[in-house]
Amino acid sequence: MIAAHRPSALRVDSPLSMTALHWEALRLLLKASDAASAQGCDIWQFAVEIERLYDAGLGNTDLRQLLCLGYLEHARECTTSRSGQRIFRPLETLVLPERTCFVLTAKGRDAASSLEWENGITVVAPPETRCSLRVGPHWDNEFRRLWWQGYLIKEFRRPAVNQETVLAALEEEGWPARMDDPLPQTLGIDPKVRLHDTIKSLNRHHLQSIIRFRGDGSGTGVGWMMVGSERFSLISSR
């Protein structure tokens, strides 16, 4: 039994909009690849377990997309307590059984190496976005992504009407320090409770800890602040 078998990657050239989770997978696998190189080991000895990628937020669909693009190779680990090193068996299909592990292909390494790293944060925005001088965040309504200075903060995979309404209104108003509640009045719904819940949701699942949304204390306004700043960007109306 060989110590590490490199399964043939399922390469299917297909268009794919790379998400922040895809880039995070490449980042983790690049780190493992670099560690293998530093130790003079075969890359499979540092293969990343599927559970680690699940913990990073990826799902099976994300992993299958990366396999189809030829960025990853996968195999099932069959190492035993008597094995002198990690042992793998190839997976020729998109089946992802328990103990599946992944490594970068040469194509995947090229893609991962093209990323920029600043203060431990992955920059995945295009160059023209990174060079932007805008002060406030930016809401991309078409792709449903929230950016700040080229950093992807949050993206929506499913509709979130209330959150997206607030983000669209902030974008339209140029990201003011405070804005009146933009959510339409609905019979039988307490607007203050709804705004409060929406702000809580806006602060969840951030990919980068850069900004935070806040209410104005009256339940009628919403604003934002930079994380770690001593002064809130939010100014209550008086």
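Counting only aspartates and glutamates at least 8 places from K200 when in the same chain, those with an alpha carbon closer than 15 Å to its own are E164, D181, D216. Around the amide H of L69, modelled in the peptide plane, lie the amide H atoms of V12, all under 5 Å away and 5 or more residues distant in sequence or on another chain. Heavy-atom accessible area with a 1.4 Å probe sorts V166, V227, largest first, into V227, V166.
The alpha-carbon of K107 sits under 19 angstrom from the alpha-carbons of these lysines, leaving out residues fewer than 8 places away in its chain: K31. Extension gain, D180 to C41, is 44.2 nm, computed as 0.36 nm per intervening residue step minus the present C-alpha separation.
A Förster distance of 30 Å, applied to the separation of the beta-carbon atoms of V161 and A56, puts the FRET efficiency at 0.60. Taking amide H positions as modeled 1.01 Å from N, with prolines and chain starts lacking one, the residues under 5 Å from D181 and 5 or more places away or on another chain are G221, V222.
The values are calculated or read from the model by the stated rules, or taken from the named source; none is laboratory data. Remember, predicted model here, so these are calculated numbers, not experimental data. Every residue, glycine among them, receives a Cβ derived from its backbone with ideal geometry; neighbour counts consider all protein chains shown. Side chains are part of the model used for accessible areas, which takes the heavy atoms of the whole protein and leaves out ligands, DNA and RNA. Shrake-Rupley method; radii C 1.70, N 1.55, O 1.52, S 1.80 Å.
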